[in-house]
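The values are calculated or read from the model by the stated rules, or taken from the named source; none is laboratory data. Small disclaimer: the values here were computed from a predicted structure and weren't measured. Quick reminder, even Gly has a Cβ in these numbers, built from the backbone with ideal geometry, and neighbours come from all protein chains shown.
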Amino acid sequence: MTKTLVYVGIATAFCSMLFAPGVVAQSFFEDFTTMTTAQTGLVPGGETVALPSGNWHAVNASVPLGITGWFGHSTELTPLIDGQFLAANFNATTGSNTINSFFMSPVVFFNNGDTINFFTRSASDDFPDRLRVMWSGQGNSTSIDDFDTVLLSINENLQIGGYPTDWTAFNITISGLLAPTFGRFAFNYNVTDGGPDGINSDFIGIDLVSYTAVPEPSSGLFLLFGLAFSQIMVRRRH
């Protein structure tokens, strides 16, 4: 009886983790059409941004903090398709300091072979921009310290002309995981010598973000649940 209860507890805890609020254990798509134009991520620790794809989290960790965070926008750049996109700009910090602003995805169930796809562009070549796509395998964590893996860097060396000025598609394939992992990815607008007085940073847009799970996690997760359930039945036979 004791061993049966242990297996039941494992299965119950596993299902609770899967369907906990904020967890998106499947593919998703986001076009930011419902994104507010208000600046987000400017409060200590950041703030949750509820979108159709799930709960994103905005954190502007720039020091000093500027007057802009992440926001929905439609006029600075020619809209890609839907008329609004996710945006960030040089006012994320003050003076000529480093911009370090994160927009974290909903929690997903990472598997090798899953893909992240999105479009991005800058407003001009005059002040170079840089965007990093970061990864965290720490579940629902929104601590920027947990985003310690760079999946992709666009214009890492902050070169003039290094960031696309037309909407350009980027694709990332998840690889190297030892096991399926719950976590988040994040868009990190990261620009040294940025800000209104810096030689770098202008304005970037991000749009049509999708996370595609291959295979869909649900089949794998229910397989694991099935294995746990089969162990319960085995223990009951003894």
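What the table shows:
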quantity	calculated
Exclusive hit being out of contact with any helix residue (DSSP H, G or I) (no Cβ under 8 Å at 6 or more places or on another chain), surrounded by 13 or more Cβ atoms within 10 Å (Cβ to Cβ), at pLDDT 55 or above and in a strand (DSSP E or B), set VAL214, VAL209	VAL209
Residue count, the range 49-72 (criterion: farther than 17 Å from ASP146 by Cα, within 14 Å of the chain's Cα centre (by Cα) and outside any loop (DSSP other than H, G, I, E, B))	6
Filtered residues of the range 104-159 (kept if touching a residue at least 60 places away in the same chain (Cβ under 8 Å), among the aliphatic types (A, V, I, L, M), under 20 Å from VAL191 (Cβ atoms) and touching a Gly at 6+ places or on another chain (Cβ under 9 Å))	MET104, ALA123, ILE144
Conditions (1) in contact with a Ser or Thr (Cβ under 9 Å, 6 or more places away or on another chain); (2) within 29 Å of PRO215 (Cα to Cα); (3) at pLDDT below 95; (4) not hydroxyl-bearing (Ser, Thr, Tyr): number failed by GLY83	(2)
Test: ALA87 is in contact with an Asp or Glu (Cβ under 8 Å, 6 or more places away or on another chain), more than 16 Å from GLY69 (Cβ to Cβ) and among the hydrophobic types (A, V, I, L, M, F, W, C)	no
Some residue of the range 155-169 being under 18 Å from MET104 (Cβ atoms) and at pLDDT 95 or above	no
Sole exception among (1) out of contact with any Lys or Arg (no Cβ under 6 Å at 6 or more places or on another chain); (2) under 23 Å from VAL59 (Cβ atoms) for MET104, by number	(1)
Strands (runs of 3 or more DSSP E) wholly inside the range 73-182 that include at least 3 residues being under 19 Å from the mean Cα position of the chain (by Cα) and surrounded by fewer than 17 Cβ atoms within 10 Å (Cβ to Cβ)	149-154, 168-173
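Residues are listed down the side, and each one gets a yes or a no for (1) within 18 Å of PHE103 (Cβ to Cβ); (2) of a type in the set (Ser, Thr, Tyr); (3) at pLDDT 95 or above; (4) not in a loop (DSSP other than H, G, I, E, B):
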position: THR4; (1), (2), (3), (4): no, yes, no, yes
position: VAL8; (1), (2), (3), (4): no, no, no, yes
position: PHE14; (1), (2), (3), (4): no, no, no, yes
position: PRO21; (1), (2), (3), (4): no, no, no, no
position: GLN26; (1), (2), (3), (4): no, no, no, no
position: PHE29; (1), (2), (3), (4): yes, no, yes, yes
position: THR37; (1), (2), (3), (4): yes, yes, yes, no
position: LEU42; (1), (2), (3), (4): yes, no, yes, no
